Every structure is written in structure tokens, then in C-alpha cells.
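Let me begin by presenting the structure, written as C-alpha cells, before commenting on it.
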Amino acid sequence: MRLRLLLASFLLLPIAQAIAQDSDPFYLEKRNDLGLVAYCSAHGMLPDDGYRFFKAGVDEIFGPRTNTPEGDLHERKGRDGIAYLQGEEQSIQEMAAAYDVDVAEVCGQYKVHISLGKIAASRRAK
């Protein structure tokens, strides 16, 4: 009986964690940010290694998280230039226009996070 309970908890815990992450707006926003960093890098507005270091910074601050289907969807949308913030979606071009800036300036907001990720990655390498 104890073995069955242990096995059941071992199997159900990852599912419960994934469901909890998929309902966490912060997790979904960060996954979307990862996609946006990839989008900005692909369009020459951020360094090519921006995604890797942005992810390293997020993992350093919040701990690595398991990918979830909803998180994967939000990251894919970011890679397509769709921003997700506080439950709302809009293209990165629309976001830039709303603030009367160009898309490169919107992408530039991620530079600090990428720099922090580089610092975190260099600490782990030591």
C-alpha cells in the first residue's frame, strides 16, 4: 500500500506542477519573453546568444522550470513577435506603436536581463 502511494505521488506530482505553472501568469510571461528575445535576436536587434543568456538569468533568479504545453505555446507566440503581458496579447509592432517607440527599443529592454544572465552563467562556470 505504501509503495502504491509513493508511486502515485511520484507520477502525479509532475502533472500537478505543470498544471500549476500553466496557470501562473508570471511563468507564461517569462516563457513569452524568451520567445520575444529569440524574435529580436533573429531580426538583429539583440545578440545571437541573447536567448541562452536570458534563459540563464531567469533560471538563476527563479530556478529552472519544467516546460509545459501552455508555456511552449507562449514562447512560440513570442518567437512570432506576439507579446503576452497581464493576460493580453499584441504584436511587438503594436506595442512599440502604443508607446511611440520603434521595435528595436522594445527589444532593447531585454539587454539588461541578458547581461544578468551572462553574469549568472559565468558564476556557474567557475
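FYI, it's all coordinate maths here, none of it is from the lab. Fair warning: this is a prediction, and the values are worked out from it, not measured in the lab. When we count neighbours, we look across all protein chains shown, and the Cβ atoms used for this are built from the backbone with ideal geometry, even at glycine.
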Looking only at lysines whose Cα falls under 21 Å of K111's and that sit 8 or more positions away or on another chain, we get K30, K55, K77
Let me understand region 20-111 better: what is its radius of gyration from the alpha carbons, and its Dmax, in angstrom? 12.5, 36
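Write out the chymotrypsin sites (Phe, Trp or Tyr not before Pro) in region 30-126 meeting two conditions: DSSP loop, and at most 10 other Cβ atoms within 10 Å of their Cβ.
Details: sites: Y39, Y51, F53, F54, F62, Y84, Y99, Y110; in loops: Y99, Y110.
Those satisfying the criteria are Y99.
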Excluding I114 itself, calculate the net charge of residues whose Cβ lies under 14 Å from the Cβ of I114, where each Lys or Arg counts +1 and each Asp or Glu counts -1. 0
